[in-house]
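Below is one structure, written out as structure tokens; comments come after it.
The values are calculated or read from the model by the stated rules, or taken from the named source; none is laboratory data. Just so it is clear, the model here is predicted, and its values are computed rather than measured. Cβ atoms come from the backbone with ideal geometry, glycine included; neighbour counts cover every protein chain shown. With ligands, DNA and RNA removed, areas are computed over all heavy atoms of the protein, side chains included. Shrake-Rupley method; radii C 1.70, N 1.55, O 1.52, S 1.80 Å.
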Amino acid sequence: MKVSDIIRTADGGCELDILVSPRASRSGPEGVDQWRRMIVVRVRAPPLDGRANKEVEEVLSDAAGCVCKVIKGHTSRQKTVFFVGGANDVAQRLDG
């Protein structure tokens, strides 16, 4: 399964559901969880005071090459992220 299979077009960009693994040994996207239909993202930051959310935004912005923002799930491991950009471009960059 690829990112292009699970990304959704939204007004002004696209959305993607992710599963965050905080306090990881390294940061970055880890691929797609086929059963949950989400991207797994590892971050080094702990889930305190929004630090993990901020790192998620930084990691995914770097990987996708465009600005992204957590829009749902601020206190959960399962989040929805909004990307400013076309779904095809974001999916291509995140697929590798």
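Sort R51, R42 from largest to smallest accessible area, using a 1.4 Å probe on the heavy atoms of the protein chains.
Greatest to least solvent exposure: R51, R42.
Between T75 and K2, what FRET efficiency comes out of the Förster formula 1/(1 + (r/R0)^6) with R0 = 22 Å and r the beta carbon distance, rounded to 0.05?
For K2 and T75, the calculated efficiency is 0.15.
What translational diffusion coefficient, to the nearest whole µm²/s, does segment 1-94 have by Stokes-Einstein, given a Kirkwood radius computed over alpha-carbon pairs, a temperature of 20 °C and 1.002 mPa s viscosity?
My calculation gives 167 µm²/s for D.
What do you get for the angle between helix 51-64 and the principal long axis of the chain? Use alpha-carbon atoms, 0 to 90 degrees, nearest ten.
So the helix axis and the longest Cα principal axis differ by about 30 degrees.
With a 1.4 Å probe and all protein chains left in place, how much accessible area per residue does segment 1-60 have, in Å²?
That works out to 58 Å² for each residue.
S27 to T9: extension gain in nm, 0.36 nm per residue of separation minus the Cα-Cα distance?
Details: separation 18, 0.36 × 18 = 6.48 nm, distance 2.59 nm.
Full-extension gain reported as 3.9 nm.
Starting from the 7 Å offset along Cα-to-Cβ, what nm value, one decimal, do you get for the label separation of R36 and E58?
2.2
Could you order V59, V84 by accessible surface area, starting with the largest, using a probe radius of 1.4 Å?
Correct descending sequence by accessible area is V84, V59.
When Lys and Arg each count +1 and Asp and Glu each count -1, what net charge do the other residues less than 11 Å away from A91, Cβ to Cβ, add up to?
Result for the neighbourhood of A91: 0.
Given a 1.4 Å probe and every protein chain left where it sits, what share in percent of the accessible area of the chain is carbon and sulfur?
Roughly 45 percent, rounded to a whole number.
Whenever you get a sec, line up T75, T80, T9 from highest to lowest accessible area (probe 1.4 Å, protein heavy atoms). If you can, show how the numbers build up before the last one.
Numbers: T75 145, T80 15, T9 120 Å².
Ranked list, largest accessible area first: T75, T9, T80.
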